[in-house]
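The values are calculated or read from the model by the stated rules, or taken from the named source; none is laboratory data. Treat the numbers as computed from the prediction; the structure is a model and nothing was measured. Please note: Cβ atoms are built from the backbone with ideal geometry, for glycine as well, and neighbour counts cover all protein chains shown.
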Amino acid sequence: MATFQVVDEWANYLSTKKVDVSADTYKAALTNVAPTKAGTQVIGDISQITATGGYAVVTLTGVSFAETGAGTGIWKFTCAAISWTASAPGFDTARYVVIYNDTSVTPAKPVVGFLDNGATFSLQAGNSATFTPGANGVYTSTVS
């Protein structure tokens, strides 16, 4: 099972109030070039797949960042399923789903993290790819 990797700089953006996890808009993009935890900071640091076959970034819905229970110190970032559907001639090959904050101005469009699908995939016209957060959401953060 693939694990979502939170990029190193995300904790800095949270702690310095450069993002508002509860109110900002989040988007997801596809890439075939591996992001890195240390080197990926903003969406401009990744090479998205070509915008053909209907590919476009997706706005996340149902985004929340909340403590999983009173006094647990465990916070969960989650959203509804993320989905893309290809049109003719289909999408370029992708492997990674990158989630980023589309609201922040400084820095511009900071990356939350990325999911490695484990293998490349391409979508032919009419086919879809859906990534659904599990019971623990996209990621959890524990404060101790």
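Considering every residue within region 65-80, establish whether at least one is closer than 25 Å to S47 by Cβ and out of contact with any strand residue (DSSP E or B) (no Cβ under 9 Å at 6 or more places or on another chain). No, that holds for no residue.
Out of (1) of a type in the set (A, V, I, L, M, F, W, C); (2) under 22 Å from G134 (Cβ atoms); (3) at pLDDT 95 or above; (4) in a loop (DSSP other than H, G, I, E, B), what's the single condition that is false for A2? Against the list (1) of a type in the set (A, V, I, L, M, F, W, C); (2) under 22 Å from G134 (Cβ atoms); (3) at pLDDT 95 or above; (4) in a loop (DSSP other than H, G, I, E, B), A2 comes up short only on (3).
For every residue, the table says whether it meets (1) touching a Gly at 6+ places or on another chain (Cβ under 7 Å); (2) closer than 18 Å to V6 by Cα; (3) polar (S, T, N, Q).
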position	(1), (2), (3)
T25	no, yes, yes
K37	no, yes, no
Q41	no, yes, yes
T61	no, no, yes
K76	yes, yes, no
C79	yes, yes, no
V98	no, yes, no
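For region 83-105, the criterion of a residue being loosely packed, with under 15 Cβ neighbours inside 10 Å and closer than 24 Å to G134 by Cα is satisfied by at least one position.
Can you tell me which residue in region 107-123 is farthest from the chain's Cα centre (by Cα), limited to those that are under 20 Å from F65 (Cβ atoms) and surrounded by fewer than 19 Cβ atoms within 10 Å (Cβ to Cβ)? Taking the candidates together, the pick is P107.
Pick from region 124-144 the residues that are in contact with a strand residue (DSSP E or B) (Cβ under 6 Å, 6 or more places away or on another chain) and surrounded by 12 or more Cβ atoms within 10 Å (Cβ to Cβ): which of them is nearest to K17 (Cα to Cα)? Show your work before the answer.
Just the residues of region 124-144 that are in contact with a strand residue (DSSP E or B) (Cβ under 6 Å, 6 or more places away or on another chain), to begin with: 128-131, 133, 137-142.
Retained after the next criterion (residues that are surrounded by 12 or more Cβ atoms within 10 Å (Cβ to Cβ)): 129, 131, 133, 137-141.
Details: A129: 33, F131: 28, P133: 25, G137: 22, V138: 20, Y139: 19, T140: 18, S141: 16 Å.
Result: S141.
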